[in-house]
Amino acid sequence: MQTFGWPEAYFILRAASWTIALTAIAFVIGGLIGGVLAIMRLSRVKLLRRFAAGYILVIQSIPVLMVLFMSYYGLSAVGIELPPFFAASASLAIYVSAYLAEIWRGSIESVPRQQWEASASLALTRGQQYRYIILPQAARISLPPTVGFLVQLVKNTSIVQVVGFVDLMRAGMLVNNATYQAFQIFTLVGAIYFAICFPLSRLSRHLEKVMNASRSH
């Protein structure tokens, strides 16, 4: 039986970098899709609104683990083999897109109606209204819940171990299977998760206070 030492700790730290990379990729790709969906939800075209609403409803109604199973095992059943990293990234991006779409839609809708009316009076097109007037204000409003959601995303990456991807949690389990020193191993794993998530949580709370203070003024 191995002992838990620096090589094992280094292996866990390396896996933490993959967790961060997976989080970043899923957040960026999901954010791009989510932004499009948020605009579609507010579109004047009924078909676009219904498509976006249906997509969001379906994704939010099923566990993200189910999306991962369908991406990895489901596609392999029809001859499409995705590497674990790509399957995990795609699944989490789909999950992110549905939730960020709703966060950002709510932020856009919270911009006072007078801003829409004022921009319309300047003969701005719908696209110009979004670009110059609405989205800059909505972005400030959406920052706190977006950062808060990012914390949840970091923790949800732990599910990707079920498809064989060696993330932070999976690395901890592999080292534990080799050393049987669960307390030290999972204390380190928990500390790394804390080191990643705690600053983001504090940032989210700080942004929320700043946004509330600016609104009161």
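The values are calculated or read from the model by the stated rules, or taken from the named source; none is laboratory data. Source: prediction; values computed, not measured. Using ideal geometry, Cβ is built from the backbone for each residue, glycine included, and neighbour counts are taken over all protein chains shown. Just the protein is used for accessible areas: all its heavy atoms, side chains included, with ligands, DNA and RNA removed. Shrake-Rupley method; radii C 1.70, N 1.55, O 1.52, S 1.80 Å.
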### Query
Under a 1.4 Å probe, what is the accessible area of the chain per residue, stated in Å²?
55 Å²
### Task
Please calculate the 1.4 Å probe accessible area of Arg202, with all protein chains present, and give it to the nearest 10 Å².
130 Å²
### Coarse-grained scattering of segment 57-152 at q = 0.18 Å⁻¹, given as base-10 log I(q)/I(0) from a Debye sum over alpha-carbon atoms
-0.84
#### Entry: For the chain, convex hull of alpha carbons as volume per residue, Å³
138 Å³
### Summary
Ordering 100-111, 68-79 by per-residue average of other C-beta atoms within 10 angstrom, highest first, gives 100-111, 68-79
### Task
Give the residue from Gln128, Ile29, Tyr99 lying farthest towards the positive end of the charge dipole for the chain; charges sit on Cβ (+1 for Lys and Arg, -1 for Asp and Glu) and the dipole is referred to the Cα centre.
Gln128
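Using helices alone, I'd like the mean residue ellipticity at 222 nm for the chain: each DSSP H run of four-plus residues gives -39500 (n - 2.57), total over residue count, nearest 500. The partial results should precede the final answer.
On the way: 8 runs with 162 residues, N = 217.
Per the formula, -25500 deg cm²/dmol.
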### Query
With charges set only on the Cβ (+1 for Lys and Arg, -1 for Asp and Glu), what does the dipole of the chain come to about its Cα centre, in debye to the nearest 20?
860 debye
### Task
Specify the inter-centroid distance of segment 158-217 and segment 26-45, based on alpha-carbon positions, in whole Å.
26 Å
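Scanning the chain for helices, which whole DSSP H stretches are 18 Å or more long along the axis (Cα) and average 0.5 or more by Kyte-Doolittle?
Working: long enough: 6-41 (50 Å, 1.38); 46-61 (22 Å, 0.76); 84-109 (37 Å, 0.83); 135-156 (29 Å, 0.60); 182-216 (49 Å, 0.62).
Both cut-offs are met by 6-41, 46-61, 84-109, 135-156, 182-216.
State the percentage of accessible surface on segment 105-217 attributable to carbon and sulfur atoms; use a 1.4 Å probe and exclude ligands, DNA and RNA. Don't skip to the end; give the middle numbers.
Values: 3790 of 6300 Å².
Percent of accessible area from carbon and sulfur atoms in segment 105-217: 60.
Hey, could you get me the Stokes-Einstein D for segment 88-217, Kirkwood radius over alpha-carbon pairs, 37 °C and 0.692 mPa s, rounded to whole µm² s⁻¹? Don't skip to the answer; put the middle values down first.
Working: Rh = 17.6 Å.
Using the Kirkwood radius from Cα pairs, D works out to 186 µm²/s.
Given a 1.4 Å probe and heavy atoms of the protein chains only, how would you sort Tyr132, Tyr99, largest accessible area at the top? Walk me through the numbers on the way to the answer.
Working: Tyr132 130, Tyr99 70 Å².
Per-residue accessible area, sorted high to low, gives Tyr132, Tyr99.
Output the peptides 188-194, 86-92 sorted from most to least packed, where packing is the average of other Cβ atoms within 10 Å over each peptide's residues. Walk me through the numbers before you get to the answer.
Numbers: 188-194: 16.3, 86-92: 23.0.
Put in order of decreasing packing, that is 86-92, 188-194.
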